[in-house]
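In what follows, a structure is listed as structure tokens, so that the remarks can point back to it.
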Amino acid sequence: MAQVPKVKLAGGLEICRILNGMWQVSGAHGPVDHPKAVQAMQAYIDAGLTTFDMADIYGPAEEIFGHFNSQLKSKPSYDAAPTLQGLTKWVPRPGPMDRKVVEKALQRSMARMQVDSLDCVQFHWWNYSDNRYLHALGHLSDLQQDGLIRELALTNFDTQRLEEITNKGIRVSSNQVQYSLIDQRPAVKMEAVCLSHGIQLLTYGTLAGGLLSERYLGKAEPTSRVELNTASLSKYKKVIDGWGGWGLFQELLVVLDGVAQGHSCSIANVATRYILDRPAVAGVIVGCRLGVAGAEHIKDSLHSCSPELELTAQDLRTIDGVLQRSRDLMSLIGDCGDEYRN
């Protein structure tokens with residue numbers, strides 16, 4: 001098994017620095033073969049990539065994890081098997097946030113994931129003008145003390161609310177945010193606050209849904225639904241449009257390809273490593289097309305976190321030379337997560 005670098009969250013949970021993202025089984029990326037998806041998880045475990053990121057709203061993601069977890073436990077060799085880490089999200093609809101509501105949501109995730117407690121719950125809230133997110137987090141914190149949750153975390157919270165929550169005495173381990181070469185909003189304010197409070201970042205969109213790869217180097221701009229045929233491609237193509245457009249993106253890919261060739265690696269490796277090396281970043285979430293033949297990128301993911309891959313100061317200067325000519329997404333979109341509320 002490869003030695004995948006690990007990091008500890010505030011509550012002591014040790015996770016891989018490359019996390020297996022399960023948004024891709026939500027249905028927004030095409031049909032999902034449930035048994036094949038369960039079976040496909042084994043290859044990630046065998047490679048040492050034992051941390052899975054999911055959500056209660058990602059279609060059957062929690063159930064797929066639960067079925068695999070159950071199968072793993074039933075094997076005679078289970079005692080020698082690597083431990084899984086299942087990070088989920090609670091994304092409630094607006095409404096009352098009393099303890100009963102919160103506990104019911106956690107029990108539902110536990111039943112789906114076939115676990116007795118949750119490794120990590122990352123809380124999302126749609127509307128800051130409804131301050132019941134503080135009620136929900138208070139109950140989540142109490143349930144953490146009761147042993148139902150190991151790590152209490154956030155997803156897509158902005159810097160202002162992150163500070164507010166911390167100042168209320170609610171201890172969160174991490175905040176999951178969009179962070180990539182294209183979208184560097186977390187570097188503006190979020191990183192400094194995280195570092196001052198011992199909060200870590202888990203990042204998604206780091207490969208822009210696969211657009212940050214050799215596949216799109218030198219290619220004409222994709223515009224149709226046939227070309228942008230997954231939720232990820234459609235979403236991150238819009239981010240690129242706001243960031244600077246396809247022409248500047250091609251310049252970035254050319255630069256990244258040159259850096260990648262210098263390190264005998266892929267564009268995706270460079271894009272991932274750039275974010276892994278940022279302050280406060282604990283790990284990068286790489287989406288998994290579980291059960292889709294030929295869509296595995298396990299070997300490439302392992303290379304991204306290899307100690308042998310080290311971006312030089314010259315590499316960073318070359319990359320930043322392109323990034324400095326892009327538009328300011330903080331001004332266009334707002335702080336981390338604001339795209340879900342505007």
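The values are calculated or read from the model by the stated rules, or taken from the named source; none is laboratory data. Please read these numbers as outputs of a predicted model, since none were measured by experiment. For neighbour counting, all protein chains shown are included, and Cβ atoms are generated from backbone atoms with ideal geometry for every residue, glycine included. Areas reflect the complete protein model, heavy atoms only, side chains present, ligands, DNA and RNA absent. Shrake-Rupley method; radii C 1.70, N 1.55, O 1.52, S 1.80 Å.
In table form, for the structure just shown:
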{"quantity": "The stretch 105-134 residues that are touching a residue at least 12 places away in the same chain (Cβ under 8 Å), paired with ones that are hydroxyl-bearing (Ser, Thr, Tyr) (beta carbon under 6 Å, 6 or more apart)", "calculated": "Ser109/Thr88; Gln114/Ser70; Gln122/Thr155; His124/Thr155; Trp125/Tyr133"}
{"quantity": "Residue in the stretch 59-102 that is surrounded by the most Cβ atoms within 10 Å (Cβ to Cβ), counting only those that are of a type in the set (Gly, Ala, Ser) and not in a loop (DSSP other than H, G, I, E, B)", "calculated": "Ala61"}
{"quantity": "Exclusive hit being modelled with pLDDT of 95 or more, open to solvent by 40 Å² or more (accessible area, probe 1.4 Å) and within 21 Å of Val292 (Cβ to Cβ), set Arg225, Arg215", "calculated": "Arg215"}
{"quantity": "First in the stretch 316-332 and in contact (Cβ under 8 Å) with a residue 12 or more places away in the chain and more than 24 Å from Asp257 (Cα to Cα), second anywhere and outside any helix (DSSP H, G or I) and among the aliphatic types (A, V, I, L, M), Cβ under 7 Å, 6 or more apart", "calculated": "Met330/Val188"}
{"quantity": "Count - residues of the stretch 4-39 that are open to solvent by 60 Å² or more (accessible area, probe 1.4 Å) and in a strand (DSSP E or B)", "calculated": "3"}
{"quantity": "Residue ID - modelled with the lowest pLDDT, chosen from residues in the stretch 276-312 that are under 16 Å from the mean Cα position of the chain (by Cα) and open to solvent by 60 Å² or more (accessible area, probe 1.4 Å)", "calculated": "Arg289"}
